[in-house]
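Let me begin by presenting the structure, written as structure tokens, before commenting on it.
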Amino acid sequence: MMPSNKSVSDAPIFQFTNCRILRSHQLQREDLWVREGKILNPEKLFFDEKGSADIQLDCKDSIIAPGFIDVQINGGFGVDFSLAVDDVQSGISLVSQKILSHGVTSFCPTLVTSPPSVYHKVLPQISIRNGGPHGAGILGAHLEGPFISKEKKGAHPEHYLSTFESGAFQDLLATYRHLDCVRIVTLAPEMKRSSEVIQELTRQGICVSLGHSVANLSQAEEAVRHGATFITHLFNAMLPFHHRDPGIVGLLTSDQIPARRRVFYGMISDGIHTNPAALRIAHRAHPKGLVLVTDAIAGMGLAPGKHTLGQQVIEVDGLNTYIAGCTVETALEAASLHPAQLLGIEHRKGTLNYDNDADFLLLDDSLRVRATYIAGERVWSQDTFTI
Ligand SMILES: [Zn+2]
């Protein structure tokens, strides 16, 4: 009997053709193969299973990139996660559905500095879940504050800022109460007892990010030695780069980072928060650490004019801004591979490597999203784009 492609699985095999796929840091003219929601290795299929495609799809010369992972998004489309206290679930659902058109396939809903009662109410409502037609996947919450600097509070309400006192980590626990769904905590490392807190968060597998801070470089390096791996919106809400003490920005070229550790830094992908020249400095100093975030607020996706400039974020324009400073491949990886590495999920997401989740985007040459796929299923597409 002829071996068929059903020898391993009954699930249909999809072959995406006529495309350039981002793999090994380059756009390569290859087909993308998908089965059961995972990226399939066609060589194994041909030689081991003697299988072939059940369905071929012509991508019309699209770029195929891994789905974007946004680790800092405060809301959008009229929803502010920090304000939607009583029904944050439906707020998150709405945003997770709407961001599919921006190419975001998973994200970390982000809460700004809030009183403890808000964390106590909101955090139990956030659950980690896979993406699908209902919306982008939820990787866990990003809590930005309240353990941040008064001097660099930005838009965070000063009244609710907090410090670590005698309890250190217990103070953090009393504030947030629920850590099950928490993936990232942004704090200011110059606060007393922050070292203990950073160590404990790291021990629990929670990513510590430095931001809204007046830390000098040695304080930032100490935080990294204790486990911090991320910098929240580099350049914004921290001491400006100074040649005698470059502050947190100095982590990009520090020689005090422990071996085999990489510090990542978030940059807001709107071309407004950071001058493109500053972006190029950061990127040339430390290209593998760049993570694009939207830092979007409730105004994202609503009609322009109603909301403050600088808070409106359009992912695609952001990516194009980045192409002015780096290559297409780099911009795409900064929105997919790097955030996945930051969260330690690159074996599942953020690349088109074999066996990874088939979360990917079809983009035109201007990096406009034509279609968004999660687990191999098309979850959004432009009206004019059919394959
Ligand atoms: Zn911030």
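Read the figures in this text as sums done on the coordinates, not as results from a lab. These figures come from a predicted structure and were not determined experimentally. In this analysis, Cβ positions are derived from the backbone assuming ideal geometry, glycine residues included, and neighbour counts consider all displayed protein chains.
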Fill in: Using θ = phi - 60° and Karplus 6.51 cos²θ - 1.76 cosθ + 1.60, couplings along segment 367-376 (whole Hz; Gly, Pro as x)
6, 7, 6, 8, 7, 10, 10, 10, 6, x
Worksheet item: Based on DSSP H runs of at least 4 residues, each adding -39500 (n - 2.57), what is the mean residue ellipticity at 222 nm of the chain after dividing by all its residues, to the nearest 500 deg cm²/dmol?
Response: -6000 deg cm²/dmol
Discussion item. Testing the spin-label approximation: label points 7 Å from Cα along Cα→Cβ at Leu173 and Lys121. State their distance in nm.
Written reply: 2.5
Worksheet entry | Gaussian network model of the chain, springs between alpha carbon atoms under 10 Å - residue of Cys108, Cys207, Cys326 with greatest fluctuation | Cys326
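Quick check on my link table: of Lys153/Lys192; Lys152/Lys192; Lys60/Lys349; Lys288/Lys349, which ones sit more than 22 Å apart, alpha carbon to alpha carbon?
Over 22 Å apart, Cα to Cα: Lys60/Lys349.
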Practice prompt. Find how many whole Å separate the alpha carbon centroid of segment 173-221 from the alpha carbon centroid of segment 63-98.
Written response: 23
Response to the item:
Under the 7 Å Cα-to-Cβ spin-label approximation, Gln256 and Thr327 lie apart by a distance in nanometres of 3.4
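Just to confirm a number: summing +1 for Lys and Arg and -1 for Asp and Glu over residues other than Glu165 whose beta-carbon lies under 13 angstrom from that of Glu165, what do you get?
0
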Worksheet item: Over segment 68-343, what is the relative contact order in whole percent, taking alpha-carbon pairs under 8 Å and six or more residues apart?
Response: 18
Worksheet item: Taking R0 as 30 Å, what's the FRET efficiency between Thr202 and Ala155 from their Cβ-Cβ distance, rounded to 0.05?
Response: 0.65
Worksheet item: Which of Leu332, Thr105, Gly131 sits closest to the plus end of the dipole of segment 68-343, meaning its Cα is farthest towards the positive end, when Lys and Arg get +1 and Asp and Glu get -1 on the C-beta?
Response: Leu332
Worksheet entry | Cut-off under 5 Å, modelled amide H: who pairs with Gly137 long-range | Ser106, Phe107, Gly131, Gly132
Fill in: Net dipole in debye of the chain [+1 Lys, Arg Cβ; -1 Asp, Glu Cβ; about Cα centre; nearest 20]
420
Discussion item. I need the phi-derived Karplus couplings for segment 329-343: 6.51 cos²θ - 1.76 cosθ + 1.60, θ = phi - 60°, integer Hz, Gly and Pro marked x.
Written reply: 4, 5, 4, 5, 5, 5, 9, 9, 4, 5, x, 5, 5, 4, 8
Worksheet item: Once amide H atoms are built 1.01 Å from N in the peptide plane, which residues 5 or more positions from Leu290, or in another chain, come under 5 Å H to H?
Response: Tyr265
Worksheet item: Extension gain Arg29-Arg284, at 0.36 nm per residue separation less the Cα-Cα distance, in nm?
Response: 89.1 nm
Item to complete: For a footprinting-style exposure proxy, rank Leu83, Leu210 by other Cβ within 10 Å, fewest first.
Response: Leu83, Leu210
Worksheet entry | For segment 201-206, 3J(HN,Hα) per residue [Karplus equation, 6.51 cos²θ - 1.76 cosθ + 1.60, θ = phi - 60°, Hz, x = Gly/Pro] | 4, 4, 4, 7, x, 9
Worksheet entry | Label-point separation, Asp365 to Asn275 (7 Å along Cα→Cβ), nm | 3.2
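Working out 0.36 nm times the residue gap between Thr384 and Asp10, then minus their Cα-Cα distance, what length gain in nm do you get to one decimal? List each step's numbers first, then the result.
Working: separation 374, 0.36 × 374 = 134.64 nm, distance 3.20 nm.
Between Thr384 and Asp10, full extension yields an extra 131.4 nm.
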Worksheet entry | Estimated D of the chain in µm² per second, where Rh is the Kirkwood radius over Cα pairs and Stokes-Einstein applies at 10 °C, 1.306 mPa s | 74
Fill in: Extension gain, Phe47 back to Asp180 (0.36 nm per residue minus Cα-Cα distance, nm)
43.5 nm
Practice prompt. Quick one: among Leu179, Leu363, Leu45, which has the greatest mean-square fluctuation in a GNM of the chain with alpha-carbon springs under 10 angstrom?
Written response: Leu45
Worksheet entry | No Cys partner within the rule (Cβ under 4.7 Å), the chain | Cys108, Cys181, Cys207, Cys326
Worksheet item: Using 1/(1 + (r/R0)^6) with R0 = 35 angstrom and r between the beta carbons of Tyr354 and Gln97, what's the FRET efficiency to the nearest 0.05?
Response: 0.75
Worksheet entry | Other-chain or far-sequence residues with amide H under 5 Å of Ala296's (modelled H) | Asn74, Gly75
